[in-house]
1. Full extension from residue 296 to residue 87: what is 0.36 nm times the residue separation minus their Cα-Cα distance, to one decimal in nm?
2. On a 29 Å Cα-Cα criterion, which of the cross-link pairs 180/259; 259/308; 170/304; 150/180; 144/259; 114/180 come out too long?
3. Enumerate the amide H contacts of residue 150 below 5 Å, restricted to partners 5 or more residues apart or on another chain; note that Pro and chain-start residues carry no placed amide H.
4. Once the Cα atoms of the range 78-205 are picked out, what are the Rg and Dmax in Å?
5. What's the magnitude of the charge dipole for the range 93-168 around its Cα centre, counting Lys and Arg as +1 and Asp and Glu as -1 at the beta-carbon? Answer in Debye, nearest 20.
6. Arranged from highest to lowest average of other beta-carbon atoms within 10 Å per residue, in what order do the peptides 114-122, 102-110, 225-233, 164-172 appear?
7. Can you tell me how much longer the chain between residue 163 and residue 104 gets when fully stretched, taken as 0.36 nm per residue apart minus their C-alpha distance, in nm with one decimal?
8. Once you list every other residue whose beta carbon is under 13 Å from the beta carbon of residue 271, what net charge do they have if Lys and Arg are +1 and Asp and Glu are -1?
Amino acid sequence: MAIFKKKSTDLPKRRQGGAEITSTPPHVFKRNRTLTGTTSSRLNSVGSDSDLKSPRTHAHNLSLQRRKITGVLLLVIAIIIPIWILINNFTASAEITVANMDVSRPVDNSRYTKAIQGYMDANPFSRISFFLNQNSLSSYVSSKLPEVSKVSLTGSNGLGKSDFSLTLRKPVAGWQIRKKQYYVDDSGIPFGVNYFSSPLVQIVDNSGVSVQAGSTAIASNRFLGFVGRVVSMTGARGYNVVQAALPPNTTRELEVRLKEIGYPIKFSIDRPAGEQVEDMINAVNYFTKHGINPSYVDVRVSGKAAYK
């Protein structure tokens, strides 16, 4: 019977041997179709990453990458800037300039460079400029080289090089003993190296004390400092000292002669210089006003001015 027979058209076609399988169409993801595969934002297969990531995911990943790169750059800058500041402020060698403009002979810079380096070797952190105590540096150099009054850091002169300015002491009086010249400045600080012209005031030694017995005691720092203060204070009051002499048989007194008057004034190094200068000025003004011309004036006693 015909009804029990299968129609040939209802039977599926058998797979033909050797038939080629059609290639997958290039656009496998179409509307209203379910996407199957990994849910990871990163795929191992080449070429699949861009197909599965949405524009929003791409923008998010790019933002993360920019943040990482920016963070690395900021970290590098944060490391480089302090290192650069330390290098620019580090002193490996010192360059010397002289603040005084009226020096009369060349300054031996190596002498002072060595002293500055000695201080920095003893104080390593001082090689970094913002750790340098300039007052301490000045005190150290002055103790080694008394002709230096002050040392100042003025700036950088290249990588690892720093400029230092020296203020040198200018002498107001001098004293030669045993062929060695001593000087003293207006602050009463004695020193032995002078870069300026010779001072007008030279101390005359009439004491008669043997220099071989104790020349350093005669040319003591206290005595030279006293002479320096007397000369500078007298000049500040309008009078000029032209000579300072040690009287016979003593090393604790001083006879001063002024340019404006002809008689000497006797001082004692055991009494403050300022008080004696004040008494001297008052006595000189009094004698000038009253036309008195003594042979000498003695201000060694406080509050009194003896004369003859």
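1. On the way: separation 209, 0.36 × 209 = 75.24 nm, distance 6.51 nm.
That pair, residue 296 and residue 87, stretches by 68.7 nm at full extension.
2. Listed pairs above 29 Å: 170/304; 144/259.
3. 167
4. Using the Cα atoms of the range 78-205, the pair Rg, Dmax is 17.3, 68 Å.
5. Around 120 debye, computed over the range 93-168.
6. Descending mean neighbour count gives 225-233, 164-172, 114-122, 102-110.
7. Contour length minus the Cα-Cα distance gives 19.0 nm.
8. Values: positive: 222, 229, 252, 266, 300, 304; negative: 253, 270, 275, 278, 279, 298.
Cβ neighbours under 13 Å give a net charge of 0.
Every number in this text was worked out from the coordinates using simple rules, so none of it is lab data. Worth saying up front: this structure is predicted, and the values here are computed from it rather than measured. Here Cβ is always computed from backbone atoms with ideal geometry, including for glycine, and neighbour counts include all displayed protein chains.
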